[in-house]
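Visitor: First the structure, then my questions, so here it is.
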Amino acid sequence: MNRGSSAAEVIIAIIPIVGIIMGSAVVFFYLLWNHKRKMLLIKAGENPRTDFDLLSFSLLAGLLLVSVGISLTVFLAIAKGAGDGLLGGIIPLSIGVGLLIFYGIQRRDKNS
């Protein structure tokens, strides 16, 4: 069995670790700066209210999860056949469908 060089293996092993550390640092500093901004707004006497649109979020997340779930389910069904491996696609698919159902119910309640 011909293995690649050990330097390539080390680089391949380090890339995900560095990515996770850098992503964590970005999230940490975003949360820190956002907190400091809110504290300064409160000290200035302003209300740092941010609006979160749950309906838009559930629609976006539901559509993304349904598309990823369908893609994974079809791919895993073709590659591995019916089995436990299909859960990797069925789980995000069912979560996405649940979010889309939530969106539909909330939108209907909001319109009536």
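The values are calculated or read from the model by the stated rules, or taken from the named source; none is laboratory data. Just so it is clear, the model here is predicted, and its values are computed rather than measured. Virtual Cβ from ideal backbone geometry, glycine too; neighbours counted across all protein chains shown. Accessible surface areas use protein heavy atoms only, side chains included; no ligands, DNA or RNA. Shrake-Rupley method; radii C 1.70, N 1.55, O 1.52, S 1.80 Å.
Visitor: Per the 1.4 Å probe, what fraction of the accessible area of the chain, in percent, lies on carbon and sulfur atoms?
Guide: Values: 6390 of 9030 Å².
The value for the chain is 71 percent carbon and sulfur by accessible area.
Visitor: Next question, about the same structure. Alpha carbon centre of the range 1-44 versus the range 59-101: separation in Å?
Guide: The two parts, judged by their Cα centres, are 28 Å apart.
Visitor: Taking the Cα-to-Cβ direction at LEU54 and at PHE75 and moving 7 Å from each Cα, how far apart do the two end points lie in nm?
Guide: Going by the 7 Å Cα→Cβ label model, 3.3 nm.
Visitor: Around ILE101, what is the net charge, scoring Lys/Arg as +1 and Asp/Glu as -1 over all other residues with Cβ under 12 Å from its Cβ?
Guide: +2
Visitor: Sticking with this structure for a sec: Extending each Cα 7 Å along its Cβ direction at ILE95 and PHE29, get the distance between those two points in nm, one decimal.
Guide: Simple spin-label model gives 2.8 nm for this pair.
Visitor: Excluding ligands, DNA and RNA, what is the solvent-accessible area per residue of the chain at a probe of 1.4 Å, expressed in Å²?
Guide: Per residue, the chain has 81 Å² of solvent-accessible surface.
Visitor: Counting helices only, and only those DSSP H runs with n ≥ 4, report the 222 nm mean residue ellipticity of the chain as the sum of -39,500 (n - 2.57) divided by its residues, in deg cm²/dmol to the nearest 500.
Guide: Rounded to the nearest 500, it is -29000 deg cm²/dmol.
Visitor: What is the log10 of I(q)/I(0) for the chain, computed with the Debye formula using one identical point scatterer on each Cα and no solvent, at q = 0.09, 0.11, 0.16 Å⁻¹?
Guide: Relative scattering, expressed as log10 I(q)/I(0), comes to -0.53, -0.73, -1.01.
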